[in-house]
Amino acid sequence: MAKEGHKYIFVLGGVMSGVGKGVVTSSIGLLLQQKGYPVNLVKVDPYLNVDAGTMNPTEHGETFVLRSGLETDQDMGNYERFLGRDLTNDDYMTSGMVYQSVIERERALGYGGKCVEAIPHVRDEILRRIESAASYNGSRISVIEIGGTIGDFQNALFIDAARVLKMRHPQDVLFVMVSYLPTPGTLGEMKTKPTQTAARDLNSYGVQPDFIVARSKEPVDEKRKEKLAISCTVRKEHIISAPDIDSIYEAPLNFEKDHLSDTLLEALNLPEKRKASLAAWKKFAQAAVNTRAPEVSIAIVGKYFDTGSFVLSDAYLSVIEAIKFSAAKLNRRAKITWVNSKDLEKGGTKALAALKKYQGIIVPGGFGESGIEGKIAAIKFARENKIPYFGLCYGMQLMVIEYARNVLGLKDAHTTEIQKNAESPVVDVMLEQKKHLADNKYGGTMRLGSYPAYLKKGTMARAAYKKELVEERHRHRYEINPAYVKQLEAAGLVFSGTSPDGVLMEIAELPREKHPFMLGTQFHPELRARPLDPHPLFTEFLRVASKRHKR
Ligand code: GLN
């Protein structure tokens, strides 16, 4: 059963995908929250993967890990960044999850001998999940984004579930269609027809859009708003102009120009609790696009770069955003350059020497063998040339391997992820992971989600966080092999963060006297960086990097 009086806003895509439904959803969340309403944001992904953990980032973009450990779509990261708070498992749903519950229930005789069908049983499971997300944490409004577009065959059950919810609670459910108005170069005129067609497609499900967010190159003029209003049966004030912008963080500010939060509240029959205060957000959004701020140049050495039409930045989305937030805080403008680690392998010393021009180097998370020696070479270069270095997960493991090989003298130091029978397995599979791998159980079995770490006094990590106990999100199967910790420490490496029992090494760093900033984390700090609450380690890394002389 739906929570009495709970409000639901469904965000659906018309015309085509990739025009920013996620940003619209996040912005609506932020705006209604600023008006005083507790909001939760839900992502519905129509694919059959049970979670986003098994998909290649070059196909699907980064996997965002919730505090709970659930591996989700990157949109969940945007939701958390806009809301400024953690979301839960209830806020994420794939067709795979829905079908899994239905099938498990059927196997347990949970349907009492009935023939189990997509309608009503799968649709009802979707409804159950939407309603259970609504009861989270006293949320008053749920904004639910359905991935893909209205016309996608696989979306039909989700749209039908939304229709049923509207039928049961006509006052409490709104549909926002995010559409696109193309301006063909040959015409030079913005066209509304595809949006009209999309609205009609939605009508064919028995669903009427209440709002249209009209994405386009330029703002949508009055004339076209009128045309859309008449042809799609949507009030003119409910057509929201969403022109292209430099940064997604400007979107909520833009929507407010068309009074989105006021009209949404009015349509939901909710009083305004307080004036939306977007001052802090505005300040950040302006700093994020300030082209006059002095530059800090960062190289990201990664490997998920080389696939045809794929948007490169999606694979490392949270890392890029985390850099932006800390840069904005420091009044800097981060210039990120992608360095393909495979090119470093091919290019030899000349390619490596080119890294000197950056003020900081990041090796982000990753899996598998390809490009790994290029990354290790980049880390060695950063260490020897005192270029600020920040390693994230794999980037920390490889930093430790580099140190073991070139400082400790264990020439064959390696990770057993790559070399099963490594002579010096400095990075080794975690005990509980061995069985998962032996059983081919890859989905949702890594060390996932939030774990606490204690920080050692007198270290850079402790100084940056300014506290002793931190909690960070993880996603890995391998760890620093405890058998090598003493030797590594004797050779000068400092493990400044460990699990409370002292067994797992969570942060490795070099003392400040030896290197301005050489630090790696076994966890993914980027997953917790927020626009108005940047991550202290990113901020410290960029602060030190900005001081490096630019060549
Ligand atoms: N491949 C490494 C592991 O599984 C690192 C994972 C990561 O960078 N997220 O431990």
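Laboratory data are not the source of any read-out in this text; all were calculated from the coordinates shown. Since the structure is predicted, the reported quantities are computational estimates derived from the model, not experimental observations. So basically every Cβ, Gly included, is an ideal-geometry build from the backbone, and we count neighbours across all protein chains shown.
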LYS547 versus LYS114: modelled label distance in nm, points set 7 Å from Cα along the beta carbon direction: 6.7 nm
Taking +1 at the Cβ of each Lys and Arg and -1 at the Cβ of each Asp and Glu, which of GLN34, HIS549, SER297 sits farthest along the dipole of the chain towards its positive end, judged by Cα position relative to the Cα centre? HIS549
Express in nm, to one decimal, how much length is gained between LYS193 and GLU226 on full extension, taking 0.36 nm for each residue of separation and deducting their alpha carbon distance. 10.6 nm
Rounded to one decimal in nm, the spacing of the 7 Å Cα→Cβ label points at LYS356 and LEU48 is 5.5 nm
Sites GLU423 and ARG168 - FRET efficiency at Förster radius 60 Å, r taken between beta-carbons, to 0.05: 0.40
The ³J(HN,Hα) series, computed from each phi in segment 243-252 with the Karplus coefficients 6.51, -1.76 and 1.60 at θ = phi - 60°, rounded to the nearest Hz and given as x for glycine or proline, is x, 4, 9, 6, 9, 4, 6, 7, 4, x
Computed label-point distance, nm, for sites LYS217 and ALA491 using a 7 Å Cα→Cβ extension: 5.7 nm
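How large is the dipole of segment 40-199 about the Cα centre if only Lys and Arg carry +1 and Asp and Glu carry -1, each at its Cβ, rounded to the nearest 20 debye?
On the way: 16 positive and 22 negative charges, 112 e Å.
Rounded to the nearest 20 debye, it is 540 debye.
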Degrees between helix 21-34 axis and first principal axis of the chain (Cα, 0 to 90, nearest 10): 80 degrees
Residue-by-residue Karplus 3J(HN,Hα) for segment 423-433, coefficients 6.51, -1.76, 1.60, Hz, glycine and proline x: 4, 10, x, 5, 10, 9, 5, 5, 3, 5, 7
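How do CYS115, CYS393 rank when sorted from fewest to most other Cβ atoms within 10 Å of their own Cβ? Walk me through the numbers on the way to the answer.
Numbers: CYS115 7, CYS393 23.
So the ranking, lowest neighbour count to highest, is CYS115, CYS393.
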At a 10 angstrom cut-off on C-beta neighbours, averaged per residue, how do the peptides 178-184, 445-451 rank from highest to lowest? 178-184, 445-451
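I need the calculated FRET efficiency for the pair LEU469 and GLN100, taking r as the beta carbon distance and R₀ as 25 Å, to the nearest 0.05.
On the way: r = 36 Å, r/R0 = 1.44.
FRET efficiency, LEU469 to GLN100: 0.10.
Helix-only mean residue ellipticity at 222 nm, the chain, DSSP H runs n ≥ 4 weighted -39,500 (n - 2.57), per residue, nearest 500. What is it?
Details: 19 runs with 198 residues, N = 551.
Roughly -10500 deg cm²/dmol at 222 nm, from the helical runs in the chain.
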Please give the length that would be gained between LYS275 and ASP86 if that part of the chain were fully extended, namely 0.36 nm times their separation in residues minus their C-alpha to C-alpha distance (nm, one decimal). 65.7 nm
Rounded to whole angstrom, the alpha-carbon centroid of segment 60-91 lies from that of segment 525-543 at a distance of 17 Å
Spelling out what I want: for every residue of segment 270-276, take phi, set θ = phi - 60°, compute 6.51 cos²θ - 1.76 cosθ + 1.60 (Karplus), and round to whole Hz; glycine and proline get x. 10, x, 6, 7, 7, 5, 5
Helix 95-107 sits off the longest principal axis of the Cα atoms of the chain, rounded to the nearest 10 on a 0 to 90 degree scale, by 80 degrees
Among PHE367, ILE320, LEU408 - extreme Cα towards positive end, dipole of segment 303-424, charges at beta-carbon: ILE320
On Cα atoms only, tilt of 536-547 relative to the major axis of the chain in degrees: 60 degrees
Placing unit charges on C-beta atoms (Lys and Arg positive, Asp and Glu negative, everything else neutral), compute the dipole magnitude of segment 235-327 about its Cα centre in debye, rounded to 20. 320 debye
Over segment 409-455, what is the relative contact order in whole percent, taking alpha-carbon pairs under 8 Å and six or more residues apart? 23 percent
Reachable aspartates and glutamates from LYS193, criterion Cα separation under 17 angstrom, eight or more residues apart if same chain: ASP201, GLU218, ASP221, GLU222, GLU226
What FRET efficiency comes out for the pair ASP343/GLU59, r = Cβ-Cβ distance, R0 = 30 Å, nearest 0.05? 0.85
Calculate the length of the line joining the C-alpha centroid of segment 324-373 to that of segment 423-499, in whole Å. 23 Å
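Past 31 Å, Cα to Cα, is the threshold; run LYS225/LYS329; LYS335/LYS466; LYS466/LYS547; LYS324/LYS386; LYS191/LYS273 against it and keep the listed order.
Details: LYS225/LYS329 38 Å; LYS335/LYS466 28 Å; LYS466/LYS547 21 Å; LYS324/LYS386 23 Å; LYS191/LYS273 38 Å.
Too far apart for the 31 Å limit: LYS225/LYS329; LYS191/LYS273.
Mind checking the dipole of the chain: about its Cα centre, +1 per Lys or Arg Cβ, -1 per Asp or Glu Cβ, Debye to the nearest 20?
My answer is approximately 1780 debye.
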Highest to lowest packing among 18-24, 48-54, scored as the average C-beta count within 10 Å: 18-24, 48-54
Positive end of the dipole of segment 491-535, charges at C-beta (+1 Lys, Arg; -1 Asp, Glu), about the Cα centre: which of PRO500, PRO511, HIS524 has its Cα farthest in that direction? PRO511
